[in-house]
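Step one of this worksheet: look at the structure below.
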Amino acid sequence: TTVWGVPVVETTAVTATKAIIGDYTNFSELAVRRGIDIQVSNSHSDFFVKGTLAIRADMRAALIHYRPKAFAVVTGL
């Protein structure tokens, strides 16, 4: 999905009536503290008998804003 040709990033950090806009290319960074950890198991309940796998993945990261005035919150959407 794009808005005026700019990719839209969905998040649960804000409500459905708000949006955070800004110059992410020049004034932000995604800092990854630890890579992606993926775990796969068939030992839950009857997963082994059914041939089913449970997959869990997590990652620690932070979005850093170097110039907070380059970002704004739009409300009332």
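The values are calculated or read from the model by the stated rules, or taken from the named source; none is laboratory data. In this text the structure is predicted, and so the values were computed from the model without any measurement. Ideal geometry is used to build each Cβ from the backbone, glycine not excepted, and the neighbour counts take in all protein chains shown. Please note that ligands, DNA and RNA were not included when accessible areas were found on the heavy atoms of the full protein model with its side chains. Shrake-Rupley method; radii C 1.70, N 1.55, O 1.52, S 1.80 Å.
Residues in the stretch 32-45 that are open to solvent by less than 90 Å² (accessible area, probe 1.4 Å) and outside any strand (DSSP E or B): Asn42 alone. Hey, among the residues in the stretch 46-65 that are surrounded by fewer than 10 Cβ atoms within 10 Å (Cβ to Cβ) and modelled with pLDDT of 90 or more, which one's farthest from the chain's Cα centre (by Cα)? Among them, the one singled out is Val49. If you go through the stretch 1-31 and keep only what is open to solvent by 80 Å² or more (accessible area, probe 1.4 Å), part of a strand (DSSP E or B), under 17 Å from Gly76 (Cα atoms) and not basic (Lys, Arg), you end up with just Ile21. Kindly establish whether Val74 is assigned to a loop (DSSP other than H, G, I, E, B) and either surrounded by 11 or more Cβ atoms within 10 Å (Cβ to Cβ) or of a type in the set (Lys, Arg) (or both). So Val74 does not fit the description; no. For the stretch 1-8, the criterion of being within 18 Å of the chain's Cα centre (by Cα) and among the polar types (S, T, N, Q) is met by at least one residue.
Tell me yes or no: at least one residue of the stretch 46-57 is within 30 Å of Val74 (Cα to Cα) and either touching a His at 6+ places or on another chain (Cβ under 9 Å) or touching a residue at least 12 places away in the same chain (Cβ under 8 Å) (or both). First the steps, then the outcome.
Of the stretch 46-57, the ones within 30 Å of Val74 (Cα to Cα) are none.
The answer is no; no qualifying residue exists.
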